[in-house]
1. Suppose only helical runs count, i.e. DSSP H with n ≥ 4. What mean residue ellipticity at 222 nm does that imply for the chain under -39500 (n - 2.57) per run, divided by all residues and rounded to the nearest 500 deg cm²/dmol?
2. Tell me the label-point distance for the pair residue 9, residue 21, using the 7 Å Cα-to-Cβ offset, in nm and rounded to one decimal.
3. How far, in nm, would the chain grow between residue 28 and residue 57 when pulled straight, counting 0.36 nm per residue and subtracting the alpha carbon separation?
4. For the pair residue 39 and residue 66, what calculated FRET efficiency results from E = 1/(1 + (r/R0)^6), where r is the Cβ-Cβ distance and R0 = 22 Å, to the nearest 0.05?
5. Divide, for the chain, the radius of gyration over alpha carbons by 2.2 N^0.38 Å, where N is the residue count.
6. With everything on Cα atoms, drop me the angle between helix 5-32 and the longest principal axis of the chain, reported from 0 to 90° to the nearest 10.
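What follows draws every value from the coordinates through simple rules; no lab data is involved. Predicted model, so just to flag it, every value in this text is computed and none were measured. Note that each Cβ is placed from the backbone with ideal geometry, even for glycine, and that neighbours are counted across all protein chains shown.
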Ligand SMILES: [Zn+2]
């Protein structure tokens, strides 16, 4: 198989340009479709009154200060 000097020079350049274009396309499409915002639940501790948020979708969450289990106020 004989590769001409023109192909030998332009083939890597072509593949590099394709890779750059694919990267640009990936980030362009990802930017146009933003991920769904993470909704967090708000908790107020019945024991110590500490207010905190947790993004995990759980009805009960442990207080970060005193360790008591509390129900979510709202989503
Ligand atoms: Zn607490």
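1. Mean residue ellipticity at 222 nm (helix-derived): -13500 deg cm²/dmol.
2. For the pair residue 9/residue 21, the computed spacing is 2.1 nm.
3. Values: separation 29, 0.36 × 29 = 10.44 nm, distance 3.08 nm.
Full extension of this stretch gives 7.4 nm more.
4. Details: r = 25 Å, r/R0 = 1.15.
Working from the Cβ atoms, E equals 0.30.
5. My calculation over the Cα atoms of the chain gives 2.37.
6. 20
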